[in-house]
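Structure, as structure tokens:
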Amino acid sequence: MQVVKTVDEIRKMVKSWRKEGLSVGLVPTMGFLHEGHKSLILRAAAENDRVVVSDFVNPTQFGPGEDLESYPRDINRDAALCEEAGASVIFNPEPSEMYAPDFSTYVNMENLSKGLCGKTRPIHFRGVCTVVSKLFNIVSPDRAYFGQKDAQQLAIIRRMVRDLNIDIEIVGCPIIRESDGLAKSSRNTYLNPEERQAALCLSRAVKLGEKMAAEGEKDADRIVSEMISLIQAEPLAKIDYVEAVNGVTIEPVHKIEGTVLVAMAVYIGKTRLIDNFIIE
């Protein structure tokens, strides 16, 4: 699996593919890939002639005191997974390749980034929008693939592409879970055995909320309240938020109508995990 480190290298590679009339898919990641990422790469490989996987821990989306330095990294492991899933190349730049010392241009998102994760991570989505727009400009893919686990991020990127007239199709892909229900995440590696078991309160809350909606519950506040009660019963869990919002605008909702996203962020020990489900 070829790993390229510079913007010039990946641009030359993509230009050569374009001359052959080949389509290009992009899977943006922060590395330490798991089965969730693999599902995105497999989908991209099925729908495009060539697939670029970006493997870059983006410093601009981490706030003070967050886990930038400790975020897991393993490019050799990532390369093996990418090759198995059908990727064509990994773009693995250093931060200095993506951000000049005097870098001062950012892509900011209003409204959609204010709630949910944006409440406690105020600079996070500015960093996400900036790095994703840079990757779009560098790779110029036909399609880009993102997981539904980061539901707010997916909604924000879709809005950014619409608002800035970026000619790229954004493809959302389902959450991939462990056999016991825990959503796959690179941060799961932070959990000790006791915390790993406690983390199942997130997926149990998802199942509860889905069951209530399937049985006809239309009161979003009641669904959220029952989910909160379930999570609070776990001593190692500390809730950041559990909320029901419009799936497109990310505005709070109180009734189940249209597309509703029920999302949560929960600390298990020191590890912040997210999960969600969508009610159509």
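The values are calculated or read from the model by the stated rules, or taken from the named source; none is laboratory data. Everything quoted here is computed from the prediction, not taken from an experiment. Glycine also receives a Cβ, built like all others from the backbone with ideal geometry; neighbour counts cover every protein chain displayed. Note: areas computed on protein heavy atoms with side chains; ligands, DNA, RNA excluded. Shrake-Rupley method; radii C 1.70, N 1.55, O 1.52, S 1.80 Å.
A few notes on this one:
- Per the listing L42, L22, L81, L26, the residue uniquely closer than 21 Å to I175 by Cα and either open to solvent by less than 20 Å² (accessible area, probe 1.4 Å) or touching a strand residue (DSSP E or B) at 6+ places or on another chain (Cβ under 8 Å) (or both) is L26.
- Qualifying residue in the range 105-116 (condition: farther than 30 Å from N246 by Cβ, open to solvent by less than 20 Å² (accessible area, probe 1.4 Å), in a loop (DSSP other than H, G, I, E, B) and in contact (Cβ under 8 Å) with a residue 12 or more places away in the chain): no
- Of I223, I231, I176, I256, all but one fail to be under 20 Å from the mean Cα position of the chain (by Cα) and either at negative phi or touching a residue at least 40 places away in the same chain (Cβ under 8 Å) (or both); the exception is I176.
- If the condition is being touching a strand residue (DSSP E or B) at 6+ places or on another chain (Cβ under 7 Å) and outside any loop (DSSP other than H, G, I, E, B), then the range 84-104 contributes V89, I90, F91.
- Taking the criterion of being outside any loop (DSSP other than H, G, I, E, B) and open to solvent by 60 Å² or more (accessible area, probe 1.4 Å), the only residue of the range 49-74 that qualifies is R50.
- For the range 141-174, a residue qualifies if it is crowded, with 19+ Cβ neighbours inside 10 Å, over 17 Å from G25 (Cβ atoms) and not basic (K, R), and the qualifying residues are D150, A151, Q152, Q153, A155, I156, M160.
- Going through (1) buried (at least 16 other Cβ atoms within 10 Å of the Cβ); (2) within 25 Å of N111 (Cβ to Cβ) one by one, A198 falls short only on (2).
- The one condition from (1) surrounded by fewer than 20 Cβ atoms within 10 Å (Cβ to Cβ); (2) within 22 Å of V107 (Cβ to Cβ) that Q2 does not meet is (2).
- Count - residues of the range 117-144 that are touching a Phe, Trp or Tyr at 6+ places or on another chain (Cβ under 6 Å) and either in a loop (DSSP other than H, G, I, E, B) or among the polar types (S, T, N, Q) (or both): 1
- Tally of residues being touching a strand residue (DSSP E or B) at 6+ places or on another chain (Cβ under 6 Å) and open to solvent by 20 Å² or more (accessible area, probe 1.4 Å) across the range 225-236: 2
- Extreme residue, nearest to I274 (Cα to Cα), among residues of the range 202-224 that are open to solvent by 50 Å² or more (accessible area, probe 1.4 Å) and of a type in the set (D, E): E210
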